[in-house]
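The values are calculated or read from the model by the stated rules, or taken from the named source; none is laboratory data. Predicted model only: the values in this text are computed from it and were never measured. No Cβ is skipped: glycine too gets one built from the backbone with ideal geometry, and neighbour counts run over all protein chains shown. We work out accessible area using only protein heavy atoms, side chains counted, and drop any ligands, DNA or RNA first. Shrake-Rupley method; radii C 1.70, N 1.55, O 1.52, S 1.80 Å.
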Amino acid sequence: MAGLFTPIKYGSVAIKNRFVHSATYEAMASETGEVTEKLVKRYQVLAKGEIGLIIPGQMFVHPYGRASQFQTGIHRDEMVPGLKRLVDAVHEEGGKIFLQISHAGRQTKKALIGRRPMGPSSFDRDPTNMVKAAEMSKEEIMESIAAYGDAARRAVEAGADGIQLHAAHGYLINQFLSPYFNKRKDEWGGSDEKRFSFLREGIQICRESMPNGMPLSVKLNTQDFTPNEGVIPALAAKYSSWLKEMNVDGLELSSGSALYAFMNMSRGDVPLNEMVAGLPGWKKPMGRMILKKMVGKFNLEEGYNMDAAKLIRPRLNGTILSVVGGFRRLSHMEKLVAEGHTDMIAMSRPFIREPHILHQFKEGKKDTVSCQSCNKCLAAVANEQSVRCFNTD
């Protein structure tokens, strides 16, 4: 019977327990994407909290793939020294760290990247930025795939223990995987197999830059919650089987998308006032009306991605599975791991409030995290404020 405080082998890397810090946008990098001392300090503190595997917030692989103003970059060789400081800080506290690499695709703004955002297909304006993406040319697709390979090389040079490809939350890989976002009829779309091609090529090019045994993980959406059908659990299960065949070392399962279904990513309270405060004046009335309709419809369900995980789990046969989404009670997490429904438990918001909660779990002092799922922390980073707990209760 596996316990939460038993070690696990992730590829060639020994992880000391079953807890994962799920990648969380910190809004702590410089405006040009460099690692800052504030960012290093955050992960040093988390590593002292004995989290088995730490995955910092998504790092953009290409200048056109930047999602946020203070997002960490892994798009240039000049980023490597800063990334190495980050990795070293975690290692010095006895932790392990995977770097999550990502491209925003259509989930960004022209003001941030200097051009119209692009995605697999051009259709409809997104409901948040009101932007209609440009359809990527085949040359732009290949350039983006190459950027993942270059980013993987930089992660290796920085000393990371592993790499995670971000294929969830509506970013570029997720866009290619989704029949909602990807309406192409060429070799990059038109069937599940062709929609999978971008991720397949991304994995292969990353592997070319990685030493044998270095773990490669994929963060995969189980449900997009887009207006029309995108990735759903059955499709995620099919993709998981193909990822298993490609010898991917692990999957982390999530759901939702940043621009279309952000509350499905982080169920709990809708931080109405905090979200509206960050909107430009002309957006505030409409934003308040839309957000007000969402209040009370996304109450926290503990382990809200577990139903999909139980569908996917039988497809993996040895591939490490971690799941994120609303875990709050130690006893609940222990049961899921002991019964084999998942290998690891990933959390984000609880570690923002209590970076050392695992000490209290291990010593038997607490069974439940104190995070109230108020989501004020996530409203803050959406408004480009550094991540922290804003709940004073």
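Just a few scattered comments:
- Qualifying position, being in contact with a Gly (Cβ under 9 Å, 6 or more places away or on another chain), open to solvent by 10 Å² or more (accessible area, probe 1.4 Å), outside any strand (DSSP E or B) and at pLDDT below 95, among A23, A2: A2
- S322 closer than 26 Å to E93 by Cα, among the hydroxyl-bearing types (S, T, Y) and either part of a helix (DSSP H, G or I) or in contact with a strand residue (DSSP E or B) (Cβ under 6 Å, 6 or more places away or on another chain) (or both): yes
Yes/no matrix, rows are residues, columns are (1) open to solvent by 10 Å² or more (accessible area, probe 1.4 Å); (2) modelled with pLDDT of 95 or more; (3) among the aromatic types (F, W, Y); (4) not in a loop (DSSP other than H, G, I, E, B):
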{"site": "G318", "(1), (2), (3), (4)": "yes, no, no, no"}
{"site": "F327", "(1), (2), (3), (4)": "no, yes, yes, no"}
{"site": "H332", "(1), (2), (3), (4)": "yes, yes, no, yes"}
{"site": "K335", "(1), (2), (3), (4)": "yes, yes, no, yes"}
{"site": "H341", "(1), (2), (3), (4)": "yes, yes, no, no"}
{"site": "S386", "(1), (2), (3), (4)": "yes, yes, no, no"}
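- Just one residue in the set I173, I205 is part of a helix (DSSP H, G or I), open to solvent by less than 30 Å² (accessible area, probe 1.4 Å), touching a Phe, Trp or Tyr at 6+ places or on another chain (Cβ under 7 Å) and modelled with pLDDT of 95 or more; that residue is I173.
- Residue selection: I97 fails the criterion of being under 29 Å from G278 (Cα atoms), buried (at least 18 other Cβ atoms within 10 Å of the Cβ), β-branched (V, I, T) and at pLDDT 95 or above.
- Here the stretch 264-312 is the region considered, the condition is being within 23 Å of the chain's Cα centre (by Cα) and among the polar types (S, T, N, Q), and the residue that is farthest from N391 (Cα to Cα) is N305.
- Scanning the stretch 127-141 for residues that are modelled with pLDDT of 95 or more, over 22 Å from the mean Cα position of the chain (by Cα) and surrounded by 13 or more Cβ atoms within 10 Å (Cβ to Cβ) returns A134, E135, M136, E140.
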